[in-house]
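One structure below.
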Amino acid sequence: MGLAVPEEVVRVASDIREMRVRGAGRIAKAAATALMVAAERYPGSDAREFREYIRRVAELLLKTRPTAVSLPNAVSYVVGPLLRAPHVGSVEEARRLVVERASSFIRYADEALERIAEIGSRLVRDGDVVLTHCNSLAVVSIIKRAAQRGKRVSVYATETRPLFQGHVTARMLLEAGVDVTLIPDSSVRSLIRRVDKVIVGADAVAANGAVVNKIGTSLIALIAREHGVDFYVATETYKFSPFTLSGEPVVIEERPPTEVVPQEFLDKHPRLRVLNPSFDVTPPGYITGIITEVGVIPPSAALLVLEEIYGREGVREQASVAVDEEA
Ligand code: RUB
């Protein structure tokens, strides 16, 4: 038994789990903020207890949703040095470390988004029709920036069933004065000839350049390939997964059947099985380029990005940061 996790932190965890906070970037920033709040709120003076308490907060956050690798990457960036340190020092030192790492993660995330908007907007030509899927802040930022630069850009936004994140994308873009056409997910092949390029976000990028994003993304990539339409992924490099280097697959979240059909329908048809995978994997061969804060890279360069971030040795180390291990 240790100190209770503060209410505010429990709320952030439940906001992520219940998808009131969603999108890989926003999830990562919310987790970093929660760790900072937890560190600031620790009332005691025992450094070892502080470390155990932070470990529990990290575990709580990590358990919320399994797919977006931005979450374990953010958590391990913020608490990894404290949990791995051979000596803890004072509570004040440990607290400062967590708060500084959390702020530097959040600052990096904001700057990365800004760079992606700038770099990605250069790929958008005047008059382009861009198709996007789900709700990605990276994609929305690119399109808003292109519009701010005076490019006439219009967007086809898929509804993104079953939870309709496409409505969020439509609202964000409409508020920025961008023309949006909302389309059913299943209409992409019928409408692809009107589209100049596809840009989607990412929840995880594997070491081989495969991209995990909202369910349906890989079908759109397939259709784009069939019609010779460029397919871009916009993502911060903290969504690149060091875990995939050791052969670990990205876990695809399974969401409840009631997101697909109402409970009454399930009650009426007890033998009905419903599958509701939330994400899918787009193979690297279908991806024209990955727009990151360090530039537009081919999917084959994903491994280089991971090595650049973690170092060759660090890649292994990062892949094994387990917050449940005794530091
Ligand atoms: C969101 C989703 C987004 C990515 C990228 O899924 O798949 O495309 O997370 O978003 P969910 P961003 O709604 O299930 O979280 O660019 O904002 O990080």
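Each value in this text was obtained by applying a stated rule to the coordinates, not by laboratory testing. Not measured: the values here are computed from a predicted model. A quick note on method: Cβ atoms are made from the backbone with ideal geometry, for glycine too, and the neighbour counts reach across all protein chains shown.
In whole percent, what relative contact order does the chain give with Cα contacts below 8 Å and a gap of six or more residues?
Numbers: 602 pairs, mean separation 58.3, N = 327.
Relative contact order of the chain: 18 percent.
What is the gain in length, in nm to one decimal, between residue 194 and residue 8 on full extension, counting 0.36 nm per residue of separation less the C-alpha to C-alpha distance? Walk me through the numbers before you get to the answer.
Values: separation 186, 0.36 × 186 = 66.96 nm, distance 4.62 nm.
Extra length available between residue 194 and residue 8 comes to 62.3 nm.
For the range 70-87 and the range 138-185, write down the distance between their C-alpha centroids in whole Å.
35
If packing is taken as the mean number of other Cβ atoms within 10 Å per residue, what is the order of 74-82, 42-50, highest first?
Numbers: 74-82: 23.8, 42-50: 14.7.
Ranking, from highest mean packing down: 74-82, 42-50.
Run through every distinct alpha carbon pair of the range 191-313 and return the Kirkwood hydrodynamic radius in angstroms, one decimal place.
15.9
Among 291, 183, which comes first, second and so on when ranked by fewest other beta-carbon atoms within 10 Å? Could you put the intermediate results ahead of the total?
Numbers: 291 27, 183 17.
Ascending Cβ contact count within 10 Å gives the list 183, 291.
I'd like to compare 206-214, 292-300: which one has the highest average count of other Cβ atoms within 10 Å, and what's the full order after that? Walk me through the numbers on the way to the answer.
Working: 206-214: 24.0, 292-300: 17.6.
So the peptides 206-214, 292-300, ranked by packing, come out 206-214, 292-300.
Given the DSSP H assignment, sum -39500 (n - 2.57) over each helix run of at least 4 residues in the chain and divide by its residue total; what's the result at 222 nm in deg cm²/dmol, nearest 500? If you can, show how the numbers build up before the last one.
Values: 12 runs with 151 residues, N = 327.
So the calculated ellipticity at 222 nm is -14500 deg cm²/dmol.
If Rh is defined by the Kirkwood formula over all Cα pairs and Rg also comes from Cα, what ratio Rg/Rh do you get for the range 78-127? Before the final figure, lay out each step's value.
On the way: Rg = 17.7 Å, Rh = 13.3 Å.
For the range 78-127, the value is 1.34.
Could you tell me which of rounded, prolate or oblate describes the range 138-232, using a ≥ b ≥ c as the square roots of the eigenvalues of the alpha-carbon gyration tensor, with rounded for a/c under 1.5 and, failing that, prolate when a/b is larger than b/c and oblate otherwise?
Working: a/c = 1.39, a/b = 1.32, b/c = 1.05.
Cα axes put the range 138-232 in the rounded bin.
Counting C-alpha atoms alone, how compact is the chain: give Rg to one decimal and Dmax as a whole number, in angstrom.
20.6, 64
Can you give the net charge of the other residues whose Cβ lies under 10 Å from the Cβ of residue 70, counting K and R as +1 and D and E as -1?
On the way: positive: 26, 29, 239; negative: 203, 236.
The answer is +1.
If we count other beta carbons within 10 Å of each Cβ, what is the order of 174, 62, fewest first? If you can, show how the numbers build up before the last one.
On the way: 174 13, 62 18.
Lowest count first: 174, 62.
Given the pairs 29/144; 63/197; 151/239; 144/214; 29/214; 151/214, which span a C-alpha to C-alpha distance of over 26 angstrom in this model?
Details: 29/144 21 Å; 63/197 36 Å; 151/239 29 Å; 144/214 21 Å; 29/214 19 Å; 151/214 28 Å.
Violating the 26 Å limit, Cα to Cα: 63/197; 151/239; 151/214.
Counting other C-beta atoms within 10 Å, which of 19, 36 has the fewest, and how do the rest follow?
Details: 19 16, 36 21.
So the residues, fewest neighbours to most, are 19, 36.
Using a 7 Å offset from the Cα along the Cα-to-Cβ direction at both residue 63 and residue 258, what is the distance between the two label points in nm, to one decimal?
Each label point lies 7 Å from its Cα, and together they span 2.0 nm.
Taking the Cα atoms of the range 113-188, what is the range of coordinates along each of the three principal axes, in descending order and whole Å?
Taking the Cα atoms of the range 113-188, the three principal extents are 33, 24, 20 Å.
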